[in-house]
Every structure is written in structure tokens, then in C-alpha cells.
Amino acid sequence: MVLYNLRHAFRQLVRPPGFSIIAIITLALGIGANTAIFSVVNAVLRHPAGVDHPERVAVMNVYYKQLALDVPFISVPDYADTASLKTVVEAAAMERAIGFNTERDARVEHVTGAQVGSQWFQIFGARPILGRTFTAEEDQPNAGPVAVISYGLWQRVFGGSRDVVGQTLMLDQKAYQVIGVMRSDFDWPRRNDVWTPIALAPKDFAADQRYNENYQTFVRLRPGTTIAQINAGINGKVREQIRTEGAGSFGNSSGWSFYASQLTQFAAGPLRKPLYVLFGVVALVLLIASANVAGLFLARTAARTREFAIRTALGANASAIVGQLLTETMLLAGAATLIGIAAGPIFGRILLWLIPHSLAEGYEVHMDPAVLAFTACAGLLTSLIAGIGPSLRLLRQHESLDLHEGGRNATASVEKQRLRSAFVIGEVALACLLLTGTGLFLFSLRALQQVDPGFNPHGVLDASVFYSGDSFKKDEAQQATFLNTVIDNLSSQPGVRAAAAVNPLPFDPTNGGSSSFQIVGRPLAPNDPGPHSNITLASPGYLKVMQIPLIAGRWISPDDRSNTEPVVVIDSRLAHKFWPDQSPLGQHLAGGGPKAALIIGVVSTIRNSSLEQDTSDGMRYYPLTQAKDVRADFLVRTDGDPSALASAMQRAVTAADSTQAVTDILPLESLISGSLAGRRLIVDMLAAFAGLALLLAVVGIYGLISYVTSQRTVEVGLRMAVGAQRTDVVFLVLRGALAWVITGLAIGAVLSIVADRLLRQSFASFGSGVVESLALSVLSLLVVGVLAAFLPALRAASIQPIKALRNE
């Protein structure tokens, strides 16, 4: 019986190939879009590249409840407590990002690196393709310098030589022995070229380092262990530490704790929310495609009423007929699923390519069992949606089928039209939802683009320099001389209006810093953890380059040197919070160095990392020349194109110190724009899928109007025979189409308002354009609805009354 149904279904589908081709293409679009998005979701949210069993890998986070601070960094004592949980932790290692300079082809270049614990590669299940990874003995202070290099660095520097193991690699003017080469898909942390041992000293594990969170820590859980189990053990360590410190300790007053979270949650970063939104969107597209095919099947089923009536008269029961119909839909869905399996990952790679590089770097799309299972489920779902409507109608009408139904003079009953109308109304409603959602995200993106960050990024070029050489990194005077020389070199360049240095740079996603501090002479209240803010080290010309207003006092000057009184400038947020009724000038802050710093000025508050939300606790600015660091960002302002100064930036650094390398030369505006990459991705993808939904809705409306009009041939002929004009017939058909469209729009408007309320909870600057977006969606669908119905209406108006009545 099954083989008979399959053979009969195949004959029915190939006999009129136009119907089958349209249905398969429609379903393939929906299934392919879902497969593409799911393949990216699987790569980003479920299985990051280069990680073996990512569900067993966790990242450690610190949380200060009273400070509303939650970051994926912990201190060395926190790491030691985590690693001691041997019953749940298989491996644990810390990581500290670091930049190295290496010389190649008589030119110094920067390579990204990380200092890691000896179990780092074990955590991720990463095995080298050549050599080995670190031993515990090599991860000790004063051990011989060794390095594991990435596949990319192996190719660039060593030309892919198989005898690279044992060779020397110069990093920051120090010789490292290469002991291993990692496979091409492993680069944790992202964009990494080289790994060296972190080699923590005993002093790093001291109790006074407890709240010094400078390290990212990852752990591999033992098989069968859950995140809840490791967090239960960590909570015990936290309670024990709080009891040891006492009720008035910083840990207790700040609400300090640390915990483990899934690597997959951490790795997705800013891609998480956009992908979830897009996944929901393509699910709606699949529903629209399924409804469209269901409408086609309803029309086809109605046209086959006489066939079903004959089969019923010959003894076929309802289940046999319904089984035959479901077999046909499953064949169509199966063909569409095969296309989705073939095209989905390809579209997924294209989608990953379209995603901004800053978000998608390090991810790869593969057709693994999870993607295959999802595609199969999507195909099954579409076949059920497409076949359930016609099947239900046949079940209800099976007993009343007669041989006179399905003739050319039959007028479609309300019962026959109602379900197909419901499918078209549903398509319009979902298309309205997608179009409105696209508009909402577009309006929110434009609103965010208008947010004032507190500084002027236009015409500013940035370049990063990671200091090379141990002596250079430890010598404040040498750093100060280098900084001043580079700034002087840049200031003398034609077209440069101002030059400065800073660390960290606003909106740099790879760099940032914050710390608690104390106001000298102001004791803390019981259980008060004290103030907390972001920190920036800046040069005297920073305000001029960034065009940040000075509100009171003065800015950092060239006279603020390492051998003068420590000074600090605060922003207006800190000033209003801690000195609401008085001037903060002349006050002292402790916590930015060995000595308390004098507050010399107040500047305007800026957005430091995001246009979507301002979560900063305020900013403290210290002179770069009064603190040693490991890097600096140089900035120049020009009236022309800032990118034209890239070579001048390179020359200025090389002239100051040829051992230092410049990297990431780019306009400051690109960093600001990059912070909105996730929102822009949603807008672009939504626009594409909303366009697809609109096209499917047009096809659905056109198909329904064409079918209904063909069924009303006799009625139209009678109307025209008694005096109805062609314009009357056109308006009659359009009125019916508008009724379905308006009903769908009403439902879509309600869905759009509900979606707007839900999305406001997750996305900033949302909802400001809801009226405009909804109005544009309604207008667009009304226009395309009329256009889709106009051709069938003209065809109906061209009917000859005599021919129509003769066919009755």
C-alpha cells in the first residue's frame, strides 16, 4: 500500500510539473533559510570551532552585586579555589592576553599572543599537528622560554616547514623555542598567533590578590558533571572566604562572588541576540512558505474533488485518501529538504561571510548531524503544515463527496474557500510582522547612530602599539620618552591638527579597565564597598583630539611627569555622584597608584564602550607619563580623510623606536560603527527575509484570487449578462482580496505591537518608530495585495458572458 501511494503520488506530482516546481521552490526557500541560520547558530552557539565537547568547557566570571559588575575575569586566588575542586574539574588554566613584536623580512610586526597555563590546550581538547604543548615544569617562573604557535604563524613565518619544532622565534627581542604547532581551527583566545607559559609566581597566589581580576580562566568539567555542580562547589569556597574575612570585609560589602558559565554562552558574544532574532525570523518565513504550499494544495485538492469522489464511490475510505494526500506533501517536502540540505550550509557560509568580521571571526559552518537532524525536522514540519489543511477538509467532506463536484461549473463553497483564505490571511499577518520588525530595528539603528558618545570621532585615526622588550615595559621614563617623541613626530605631520596617546581607547572591545578607589578623608559607611569607576591613561593632547569639553579645573599637562605629584581628572558623572554640592578640585583619590592623586579637573562624561546603553560608573583619567603600561593607542585628528595618515603614523612610531610595531591602524569612526555591528546585521538580514516573506505573500494572494475567480466564472457571467460593467467586476474581485489583506493586516498589527513590547526588554532604543514602521508595512502590503489581485481581476472582467453561461 505504501509503495502504491508513493507511485501514485509521484505520478500526480509530475503530471502537472508547474505545480510541483512552484511548491518545491517555495518550501526549499523556507527550509534552506532555516538550515542556513541553524548551521550558523550551531557553529556559534552550540559548537565553536576547534573545541572538543564544548558543553564540558566553562568560563569563570566574577560578580559584585553591590557594584552591578559582572565580568569574565577572576583573580589568581579564585582560580586556585576553582582548580582545587578535583571531583568536578578535569583541567583548569588561566589566560592573559599579550602582544608580541617579532622581526620578519627586516621589518618589525605585531603578533597577538596569550600567556596560558600548562593545561590550556587540554581544556579545549586541542592537539598540535606538530610537536607538543607545555608541561607543568615549563609553566614555572624562570623556566626556559618556549612557545606553541598557530597554524597561520607557522605558514607566515616558517613557510609551513615540517622541521619547525626546535627552531627559535624572536618575541619582544627574546628567543623562544618552538615546541608545537596547533591545528588550523584552534586559536583560543580568538585571533591568537602564539602561546607562551603564564608561569605565575607564588606571590600571585597571595591573599591580597583576591580582588585583582586580570585573568580569564577556563575549566573542563569531568564527564557527567554539570555547571550547577561546579557552581555548588564554588559557592562553598565563596562562603568560606567571606567567613574568613569577616562581616566588614570588602568581599562581603561588595557582594563579591565568582561562578562558572558555559563556554558557548561566552563565545557567541554580541552575535547571540542577533542570531536568536534571525532564527525566529526564518521560522516565520518557513511558516509563510508552508502556508503558501498548503494554499496551493487546497486549490489542487478542490480541483481533484471529482477524482476523490470516484475513489470514494469505488470503496476508498477517508484514511486512504488522506494518506495519499499526505504522501504527496511529504514527497514535495522531501525534495525541498534535499535542496535545503545541499544549499543550507552554502547559504550559511555566505551568511557567515556577510556577518561583520569582528563578530564572525573564528567560526566555521559544517553540515554535522545536528544540522541534518534540524533540516529533516524542518522538512517534516512543512509537510505536516502543508498537508494538514487539505486533509482535514477531506475528512470533514468525505461522506458528502459526489461525482458532480469538481466540474467546471461548480462554484466554490464558503467551506472550501475558508481554509485557504485563512492561510493567506496568516501569510499577510506574518509578512506584516516581519516588515514591521525590520522597520523597528532600522529606526532603532538610526536612533543609536545619532547617540552622542561625548566625543567627536570624525577625522580621527587610531593605531595601537604593544611595547616590545621587558626593560621597555618596566621603565616609566623610557615609555614617557617614547610617547612624547611619537606625539611630536605626529604633530609635525602636514594636515594633523592634534595628536595624543591613550590606553584604553574608547569602544575598543579588546581592551578596558576599571577598579575601586577611595576618597581620601571620607570614611566608608558600614557595608559600603566604596566607589568604583573605569580608568583611562591619557596624554596632554587627548582632550583636543577627542574634543571632550573641560568643565572645571585643568587637563593633564606636559609638566605632569613621573617625578611630580600624582594627579587625576574625573568626569562629570563621578563629580556629581560624590561631590553633588561642592567642587571636587583639590580632593585626593587613592587606588590609582602607590600615592593618592590630586583631582585637578573635571571633564564631560563620554560613552566608553556602547551606544546602546551607558553602564559606566564614571571615568578617572591619569597621566600616561605617571604610570607604566604594556601598550598605547596613538590618535591624530585631521580635517581630511584620516586613513591618509596611516603611513605617517607608521613612520612616526618607527622613527621614535624601530623595535616597536604598529598594528590595527583604522579610523576611530570604524570602532564606533563596529559597536553597532550586531544591530546592523539584524537590519540587513531582516530586510532580506522580510522581502522573501513579502514575495511569498504576493504569490499566496495571487494564487487565491486566481483560484476563487476561476470558480466564480458563472457568477461573473451572470452579473455581466444583467448589466454589470467590467469595472464593477474588477472592483468585486479587488474587494474580496482587500478583505483578506485587511484581516491579515489587523492580525499582523496586533502581533507587531506585542513583538515591540517584548523586544524593548532586550534591545536599546527600541519602539521609537513603531507607528511609522507599522504604517509603512500596512501601506506596502495593501499595495502589493492590490497588485497581486489586479491581474486575476482583469482576467475575470474579460470573461464573455455567453461563454460563461454556456459552460454552466
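For this structure, a couple of remarks:
- Sole exception among (1) part of a loop (DSSP other than H, G, I, E, B); (2) more than 32 Å from the chain's Cα centre (by Cα) for Leu611, by number: (2)
- Strands (runs of 3 or more DSSP E) fully within the stretch 472-571 that include at least 1 residues being touching a residue at least 24 places away in the same chain (Cβ under 8 Å), open to solvent by 60 Å² or more (accessible area, probe 1.4 Å) and β-branched (Val, Ile, Thr): 550-553.
- Tally, over the stretch 226-235, of residues that are surrounded by fewer than 19 Cβ atoms within 10 Å (Cβ to Cβ), touching a residue at least 40 places away in the same chain (Cβ under 8 Å) and among the β-branched types (Val, Ile, Thr): 1
- Some residue of the stretch 634-641 being at pLDDT 90 or above, under 38 Å from the mean Cα position of the chain (by Cα), of a type in the set (Asp, Glu) and buried (at least 23 other Cβ atoms within 10 Å of the Cβ): no
- Residue that is surrounded by the fewest Cβ atoms within 10 Å (Cβ to Cβ) [pool: residues in the stretch 441-471 that are assigned to a strand (DSSP E or B) and among the small types (Gly, Ala, Ser)]: Ser464
- Members of the stretch 93-149 found to be closer than 26 Å to Asn511 by Cα and hydroxyl-bearing (Ser, Thr, Tyr), listed by number: Thr102, Thr112, Ser118
- For the stretch 259-271, the condition holds for at least one residue, the condition being that it is open to solvent by 60 Å² or more (accessible area, probe 1.4 Å), hydrophobic (A, V, I, L, M, F, W, C) and either closer than 30 Å to Thr438 by Cβ or part of a strand (DSSP E or B) (or both).
- Test: residue in the stretch 137-159 that is surrounded by fewer than 21 Cβ atoms within 10 Å (Cβ to Cβ) and closer than 30 Å to Ala232 by Cβ: no
- Candidates Arg243, Arg222, Arg239 - the one that is open to solvent by 50 Å² or more (accessible area, probe 1.4 Å) and under 30 Å from Phe38 (Cα atoms): Arg222
- The residues in the stretch 113-136 that are open to solvent by less than 40 Å² (accessible area, probe 1.4 Å), of a type in the set (Gly, Ala, Ser) and part of a loop (DSSP other than H, G, I, E, B) can be counted, and the count is 4.
- Selection from the stretch 166-213 of residues that are in contact with a strand residue (DSSP E or B) (Cβ under 9 Å, 6 or more places away or on another chain), free of Cβ contacts under 8 Å to residues at least 60 places away in the same chain and open to solvent by 70 Å² or more (accessible area, probe 1.4 Å): Thr168, Gln177, Ser184
- Test: Gly248 is part of a helix (DSSP H, G or I) and in contact (Cβ under 8 Å) with a residue 24 or more places away in the chain: no
- Residue satisfying all of: in the stretch 69-116; of a type in the set (S, T, N, Q) and under 29 Å from the mean Cα position of the chain (by Cα); farthest from Lys174 (Cα to Cα) among these: Ser75
- Sub-6 Å Cβ pairs linking a first residue in the stretch 586-614 that is under 19 Å from Leu524 (Cα atoms) to a second residue that is open to solvent by less than 20 Å² (accessible area, probe 1.4 Å) and among the β-branched types (Val, Ile, Thr), at least 6 apart or interchain, are Gln587/Ile599; Leu589/Val568; Ala597/Val567; Ala597/Val568, ordered by first then second residue.
- Subset of the stretch 214-225 [touching a residue at least 60 places away in the same chain (Cβ under 8 Å) and farther than 18 Å from Pro72 by Cβ]: Arg222, Pro223, Thr225
- Residues that are of a type in the set (A, V, I, L, M, F, W, C), touching a helix residue (DSSP H, G or I) at 6+ places or on another chain (Cβ under 7 Å) and over 30 Å from Val699 (Cα atoms), drawn from the stretch 29-48: Val44, Leu45
- Those helices (runs of 4 or more DSSP H) lying entirely in the stretch 702-808 with at least 2 residues in contact with a strand residue (DSSP E or B) (Cβ under 9 Å, 6 or more places away or on another chain) and at pLDDT 70 or above: none
- Residue within the stretch 620-628 that is under 25 Å from Thr564 (Cα atoms), crowded, with 19+ Cβ neighbours inside 10 Å and either of a type in the set (Asp, Glu) or under 33 Å from the mean Cα position of the chain (by Cα) (or both) present: yes
- Among the residues of the stretch 137-162, the ones that are in a helix (DSSP H, G or I), in contact with a strand residue (DSSP E or B) (Cβ under 9 Å, 6 or more places away or on another chain) and more than 13 Å from Trp195 (Cα to Cα) come to 3 in all.
- Qualifying strands (runs of 3 or more DSSP E) (wholly inside the stretch 38-112; at least 2 residues being under 24 Å from Val219 (Cα atoms) and among the charged types (D, E, K, R)): 89-104
The values are calculated or read from the model by the stated rules, or taken from the named source; none is laboratory data. No experiment lies behind these values; they were computed from the predicted model shown. Counting neighbours? That spans all protein chains shown, and the Cβs are built from the backbone with ideal geometry, glycine included. Keep in mind that these areas ignore ligands, DNA and RNA; they rest on the heavy atoms of the full protein, side chains included. Shrake-Rupley method; radii C 1.70, N 1.55, O 1.52, S 1.80 Å.
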